[in-house]
1. Applying 1/(1 + (r/R0)^6) with R0 = 30 Å to the Cβ-Cβ distance of Ser92 and Glu357, what FRET efficiency is obtained, to the nearest 0.05?
2. Taking 7 Å along the Cα-to-C-beta vector as the label spot, tell me the Lys639-Thr25 distance in nanometres, rounded to one decimal.
3. Work out how much length Asp815 to Ala610 would gain on full extension: take 0.36 nm times their residue separation and subtract the Cα-Cα distance, in nm to one decimal.
4. Roughly speaking, to the nearest percent, how much of segment 112-182's 1.4 Å accessible area is carbon and sulfur?
5. Which of the lysines could be linked to Lys616 by a straight reach, that is with a Cα gap under 27 Å, when you skip same-chain ones fewer than 8 residues away?
6. In whole angstrom, how far apart do the alpha carbon centroids of segment 545-586 and segment 312-384 sit?
7. Can you tell me which lysines have their Cα less than 22 Å from the Cα of Lys492? Leave out same-chain residues fewer than eight positions away.
8. Quick one: ranking Arg253, Arg812 by accessible area, 1.4 Å probe, largest first, what do you get?
Amino acid sequence: MRLRLLALGLSLGLLLGAGLDDAVTAGQSAFERGDLADALVQWSVGLDLARKQGDADAELDLSLRLAAAHRELGRMKTARDLLDASEKLASSDVERGRWLTAQGRLDLALGDARSAERRFKDAFAAHQRGEDPRGAANAALNLGLARKALGKPEAEKALIAARDLFQTLGDDVGVGDALTNLGALYRNQTRLELARTTLEAAIEAFDRGNDAQGAADAMTNLALVFADLARPTDARRLYESALSTARARKDVRRQATLLLNLGSLDARGQRLEDAARRFEAAAEAFRTVGAERDALSAELALAGLAPSVAAYDRARETAVSLGDKRAEAIACLNLAALTDDGEARRYATRASELADELGLSGLRWRALTMSGMLEIARGKDKAGIAALEEAVAVLERARLGLDREEGDRFVTQHSAPYTALVDALLGAGRTAEAMAYAERLQRTEAGTASLDGSAGEKARAIDQELAHVEEALQAELSAASPSAERTVALRKRLAELHVAFADEVDRLRAAHPEFAQATQVDPEELQALQSDLPEGVLVLQPIALEDRLVLMVLSRKGLRAVTVDVPGADVDKQVGRLARSLRAEMTQDPAWTEEMCDKLGAWFLAPIAAELDDAKTVVVSASGNLRQLPFALLRHEGKYLVERAAVASVTHIGSLQAHATISERFQVEGRTLGLLGNPDGSLPGAEDEVTAIAKRFPGSEKIVGAASLERFEALARGKRTLHLATHGIVDPMTPTQSYLVMGPEERLSYRMIPGLAPDLGHVRMVVLSACESGLPVKARTADEQGLVISINGLAAQFRRAGVETLVASLWRVDDDGTRALMTAFYDELGAGRDVAASMRSAQLALLADPATAHPWYWAGFSVVGDWRR
């Protein structure tokens, strides 16, 4: 102890003789290597010197530095006291800007992002008034961080502005900082490829600025991206590289952070002993430099490897003593899952209160979900349902605010409050409300979106211009002497806007998972729909819950929920097996296929057999993996569903409201039928198919053989039915690159289809006689814009272009079988039958022929949308 005091006295003596500049320099050096305790010593002595010398500028500077160090150590009150005491020293605009930025950083650390945003905006304005571009760049960078914490789309704009300001100043390190934070933002938005390239650019900027530590920080963020991309080897390589840099600089704090990250990577790979060892080392290293809050984060991570009441209770007590409310909320949420009834409710309530106070929406909806489930478990259905409804409301209001730390793998977890609420409402006999909440969850998957909120600002602007151009085009066409040149120009602009609008909606859905959730369903609307359904129509909405399958059945007779005792995971597994076998053209074992159809039929059809007896048409509103499979092939008592009734599907039940009120029906007629077949010359069967249909409908217009997009667009104008017999090419890696072949060298891409809206103004039905044209595809990689965009199928894009009835396939179809199916389908349409009934008759015809009786031949095509056309 005596030796330590003597050494400290020598250090202080040297510092007092060296002056303020050396105090600042020595403290900054200690701060950068993570030795915050030494930085505090150096800067505290410097602050005393500044006060003794009456140097107000130095006093302000050192007060702000000391506040930052105390903030990093979790000593928030000390940091706040320093800032409050130094406010009067900030007399100029530039000094005021620095002080506001320091206050904003403290607010951000305390979880008050709203206050931080206000302070950073004021700081930016102050630096601009003081003509301090570097200070303005720093304020913009911090403003981006505050907006990121709030989940605001403007975060990206602020960070890009900071990057541009630093570039103007020639500050490579500043550019690297802005790019690092921008990359972290893109990662939160699951724009992983864009995050990767941005962080790689950050590393290059730090290298140019000779900032090894900055490069290491960017590497750490890049490693997180590689972990998300399922590239653990690359992630580990980057972590180890950054760790080597931190060790070389003797930066204990960064070493601890990297050990924590490596432990998380080990935990993901189920290397639990390695993870535990790294978490323990990280906690100890954090304590060495006085970072108690970070040490607590490591302890929470360690507790998560082998959850126990004792471990989380210790963490909770530590969090309370440190005033770390976020860590306390996490500990309470885990304790609620581990303790019994009364204690569990108390912990869940506390977690919810803390999350609400701190604005942590990700924690709050989880806590509310747990509270609701606990209340229901003890028979308090009313209180439980209220808590679950609040959980869903929190989720839907604030999904933009969920960062990765709050909601890792959010896309796969967000359904928990919905399924729990549906379960509770069904148990309480509130079936219509249960169906409405199931619909709200399903619309996320179907991509039905509202343009409310700031996230849709660009899409709304495009939508408004669309309306103006459509109005101008209509006016021009209605003129006594319409201008051909102006009409062509307006049509071209209209097509461009439709493409831009659809593309922007895809971007919003990928970047902001909450976007599609904005559209909600009122249970009263579903009850009103019941009376509007045609006689003989049965609506089936299957909901796979964790422990069972629920079949929601709606008809004119009422709404009923049927429970099937099979876990949702088992349902998904068996549906996936059958769907994959059909996509792989596995027709060699029809007995196995029938067995699978029987198994699924026992789950989906047998429990509602009585309702099916009265059904002429079954309309299926499926979600998730269930959308991969046509329900027509499910079997019960030796019969496929299609043998009992016509089958159609809708993307969500809400769309039935429009279908139910349509009074006008149309009939396929030759003069309004356009057909395109074999456009690249490689599908002679498609050419035969189109020729046969054209003979059935005299006066129809067809294009066979070599075609082009321009010819197809001309063909579509004025038609009410379009039939395309061509290649459908689905890109499983980047689904937005999927397309339909339109000619030897021409493609109609996924993104181009909505641009056909001006040419499809009269089209009521599109038949896509093409492979996998209706198959939903989940993206495996990001597109060229860095977004991971999944699609609902090529056919769904025609819905965006205004077409209400579609016929499309879910797998690669047989050329001869498709020709026979389509010929029979159009024969029935020509006889005046509706679309679903016509498809049923065509499928039954193939089923009756032993050569095409396997479901692969006849079940691939489905009617989507208004089946009554």
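The values are calculated or read from the model by the stated rules, or taken from the named source; none is laboratory data. Here the structure is a predicted model, which is why all the values come from computation and not from measurement. Ideal geometry is used to build each Cβ from the backbone, glycine not excepted, and the neighbour counts take in all protein chains shown. The protein model used for the area step is the full one, side chains on, heavy atoms only, and it has no ligands, DNA or RNA in it. Shrake-Rupley method; radii C 1.70, N 1.55, O 1.52, S 1.80 Å.
1. 0.25
2. Placing both labels 7 Å beyond Cα along the Cβ direction yields 9.3 nm.
3. Numbers: separation 205, 0.36 × 205 = 73.80 nm, distance 3.75 nm.
Here the segment from Asp815 to Ala610 would lengthen by 70.0 nm.
4. So the carbon and sulfur contribution to the accessible surface is 44 percent.
5. By straight Cα distance, Lys616 reaches Lys557, Lys599, Lys639.
6. 33 Å
7. Lys458, Lys719
8. Arg812, Arg253
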